[in-house]
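Okay, so here's the structure we're looking at.
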Amino acid sequence: MKLRGPAGALRGSAELPGDKSISHRALLHAALSPHESRLQNVLRAGVTAAMIDCLRKLGVSIEGTGSDLNVRGGTWQQPTVPLDCGNSGTTMRLLLGALAGMPLQVELTGTPGLRRRPMGRVARPLREMGASISADNAPLNVRGGGLRGREHHLQVASAQVKAALLLAALQADGTTTIHQPAPSRDHSERMLRELGINVLSSAHAVRLHPSGRPLPPTRLTVPGDFSSAAFLLAAAVLLPGSAVRLRGVGVNPTRIGLLDTLNAMGADISIENRRESGGEPVADITARYSRLRAVEVRGELVVRMIDEFPIFAVMATQAEGMTTVRDAAELRVKESDRISVLAAELQRMGITISERPDGFSLSGPQQLSAATVDSHADHRLAMSLAVGALLASGESSVQRAGAVHESFPAFAHTLRALGAEVR
Ligand code: S3P
């Protein structure tokens, strides 16, 4: 992807693709129901293509064009081939949880990048419930069935682990309780409650008591993805004269830590037209060019903005003062090592940034220089570097930018429609 900066003002409005986390969960919950579910505005991108392909190989019927799908599942069938989760950690972890409850023997695999990511954090508690899982990294075999509910104490605040355990808990004998060190995104809990499942939750624990009956059908319109919106909000805040309105974005409080951080930085962001869709809060968000001051991000806030650190780092380069991120070692096991790779690519754009074991710090404002940078096949890094390129003077090139198809295929098109020069 090639971008020319410094870009002029971005103006206009845009809609976002469906939320990645909610799309994955909606597909799985629908796949566990023998009734026909109707899902609208499902994210159609690399990560959900992997999930849909795996579910079809398990005998789940998924029909429809574009983002509106009819899904009918129920009893899953023994697949005849290994299931390829592509580069999607959510697909592999959530499928592991669902398969842990099924009397099938399934091999899960994925790209070399996915095979490096930690699966033991899901496999270990699922083994304690009775599943047999051959390894802590892909490729791995899962043989499920006969699960017993139990109490889990998670070491990391991971919504993927929590969601996987809830999928297993639905199929277990007895109650499952999950204690988490900090509140993580609660889409599974909300969706299951909408389906009439007995799920009790507080900030640090979730308890599920299975009904013993198959899940009812899911009917849901997936909200726009806040994590995709973040790139456009950032571009609007950073480019003088900009005003961008994003319609129908999910504003679940467990997801929008970046908005709290941007408020503290002095960004001009307004939220209007608040409403609910399928148990999730949705709103329109308008971002305008603002001068930013630096902040420190640490503790539970990190979990609520875990996917937004690459774009936050780009914004921090323009903030007055010292930005520090702590308690964010989880960034090292995302689609790339999002601390060292981010620091290395921002350095190529002339930024001075220091890496820490659990975060980074940088002093701003600093001028970004046009450069050739690499996404390291990480979709969020590709889009963050693209926004950085809009601030630099001259033409920049983001290599391996095809990664944006993992979560936001229309990214370049949307930026262009708002006025940026992107090829
Ligand atoms: C996700 C949770 C987060 C996030 C990922 C999606 C989810 O991962 O980074 O993109 O859908 O639950 P962790 O829960 O592992 O932090």
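Summary of computed values
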| item | result |
| --- | --- |
| Estimated FRET transfer efficiency (Gln105, Ser61; beta-carbon r; R0 35 Å; 0.05) | 0.95 |
| Calculated on alpha-carbon atoms, Rg and Dmax of region 20-221 in Å | 15.2, 41 |
| Label-zone membership for region 27-47, site His405, 7 angstrom Cα→C-beta point, backbone N under 14 Å | 44-47 |
| Per residue Cα convex hull volume in Å³ - calculated over the chain | 115 Å³ |
| Spacing of the two label points (7 Å from each Cα toward its C-beta) at Ser13 and Ser361, in nm | 4.3 nm |
| For Ser13, distant residues with modelled amide H under 5 Å away | Arg245 |
| For region 149-193, alpha-carbon Rg and Dmax in angstrom | 10.0, 27 |
| Label-to-label distance, nm, for residues given as Arg275 and Gln77 (7 Å Cα→Cβ offset) | 4.0 nm |
| Spatially proximal aspartates and glutamates relative to Lys57 (Cα-Cα < 13 Å; intrachain offsets below 8 disregarded) | Asp84, Glu107 |
| C-alpha center-to-center spacing [region 36-68, region 363-399] in angstrom | 33 Å |
| Calculated FRET efficiency for the pair Glu395/His204, C-beta based, R₀ 51 Å, to 0.05 | 0.55 |
| FRET efficiency, Glu300 to Arg116 (Cβ-Cβ, R0 35 Å, nearest 0.05) | 0.80 |
| Virtual paramagnetic centre 7 Å along Cα→Cβ of Arg288, amide N under 20 Å, in region 245-261 | 245-248, 259-261 |
| Amide H contacts of Ser277 (H built 1.01 Å from N, under 5 Å, at least 5 apart or other chain) | Val282 |
| Net dipole in debye of region 300-423 [+1 Lys, Arg Cβ; -1 Asp, Glu Cβ; about Cα centre; nearest 20] | 180 debye |
| Test item: Cα-centred dipole of the chain, Lys/Arg +1 and Asp/Glu -1 on Cβ, debye | 340 debye |
| Rough spin-label spacing in nm, given labels placed 7 Å along Cα→Cβ, for Thr254 and Asn137 | 3.0 nm |
| Net charge, Thr176 excluded, C-beta distance under 13 Å - Lys, Arg +1, Asp, Glu -1 | 0 |
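Read-outs: derived from the displayed coordinates by stated rules, not from any lab. A quick note: this is a predicted structure, and the numbers were derived from the prediction, not measured. Glycine also receives a Cβ, built like all others from the backbone with ideal geometry; neighbour counts cover every protein chain displayed.
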